[in-house]
1. Sequence neighbours fewer than 8 away in the same chain don't count; with that in mind, list the lysines whose C-alpha is under 16 Å from LYS3.
2. What trypsin sites (Lys or Arg not before Pro) does segment 137-220 have in DSSP loop regions with at most 16 other beta carbons within 10 Å?
3. Among DSSP beta bridges whose residues both lie in segment 102-239, state the antiparallel percentage, nearest 5.
4. Tell me the angle of helix 63-75 to the major Cα principal axis of the chain, expressed in degrees between 0 and 90 and rounded to the nearest ten.
5. Rounded to the nearest 5, what % of the DSSP beta bridges within segment 1-72 are antiparallel ones?
6. Where both residues lie in the chain, what percent of DSSP beta bridges are antiparallel, nearest 5?
7. Fewest Cβ neighbours within 10 Å first, please rank THR186, THR306, THR321, THR253 accordingly.
8. If each residue of separation counts as 0.36 nm, what is the full-extension length gain between SER62 and PHE221 once their alpha-carbon separation is subtracted?
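No lab work stands behind these numbers, since they all come straight from the coordinates. Fair warning: this is a prediction, and the values are worked out from it, not measured in the lab. Here the Cβ positions follow ideal geometry from the backbone for every residue, glycine too, while neighbour counts run over all protein chains shown.
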Amino acid sequence: MDKSILIIYTGGTIGMINDPETGVLCPFNFEQISLEVPEIREFDFKIDYYTLPEIIDSSNLSPNLWVDLCHVILENYDKYHGFVILHGTDTMAYSASALSFMLDRLGKPVVFTGSQLPVGKIRTDGRENLITAIEIAAGENAPVVPEVCILFGDRLFRGNRATKINAESFDAFQSFNYPPLAEIGTRVHYNREAIRPLPSSSLPPVAFYNLDTRVAILKIFPGLGANVVEAIISVPGLRGIVLETYGTGNAPTREDFLEKIHDALARGIIIYNVTQCAGGSVEMGKYQTSRELLNAGIINGYDITTEAALCKMMHVLGRYTSAGEIRKQLNSNLRGEISLNE
Ligand code: ASP
């Protein structure tokens, strides 16, 4: 079969135009993008487009979009060599993380990209990003990247390792704890050792659509009141908390704070320890201030990003019921999201 790529358009700055009345940027239709990037037609393979029924600024993202994206990918899986997803940058790291967990046995590239300036603007980064994402998805004369990834600026990142770090720069994403899968220059230089291998099973990919969104992120800060922690752990039905701790996973040893942590665990809420630092890893037990959390039964998130931790929790809580299995899964490296047994 000749090479073919499916571009899935969800919205984001890349396809936005200024509303003539208010001047604010609003999502626009895909034809705009294809007109602004005529170079797409120069690829000698087939490129098809799919626009989701509602195109959005990704700040309006809800997990339903992840379900829709998985459906589109799996329904078209046999017809295409790779997939490019055009998505707003604000929540791209969440979407790429979520899809990495939802899709199992992925054997083809799923490349998220977008831009900081709309494709219609003269200095846009959208054109380059789109063209490079297509090239990577097609895997022309290159290793297949059987992963959900993010192409932005001059680097390709594993999706569940990337974070948006700049609101303006064309290098908007960074992956602090894992090397780029490829660096883009005059050629695409793949870092073969960093790319996940093809699935060992010959079975087709599957998607786990069930996500449990009864989760929260709690960032620790000096002065965090036990009443605030109480308010969060009292949310009816809450099942999981991503706890953003200091440094290597440290939190106050104040009695009123630890009491609330114990209360949460006693109510069956799963707590996942993630560092607030951009790089480095949680090492529970290194200091007294994390030993308390370890002893209480909080799960080590190692060097996972907050975005990946939240999506992993939604996936694991949606897929498993036994507390032991949930803990085991959160502690494991499922899709290359943590540096454990890499
Ligand atoms: N607000 C936009 C979005 O995330 C920003 C972007 O695409 O860069 O949809």
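1. LYS46, LYS79, LYS108
2. Filter output for segment 137-220: ARG187, ARG214.
3. Here the share of antiparallel DSSP bridges comes out near 80 percent.
4. For helix 63-75, the angle is close to 50 degrees.
5. In segment 1-72, DSSP labels about 30 percent of beta bridges as antiparallel.
6. Counting only bridges with both partners in the chain, antiparallel ones make up about 35 percent.
7. THR186, THR321, THR253, THR306
8. 54.5 nm is the gain from fully extending SER62 to PHE221.
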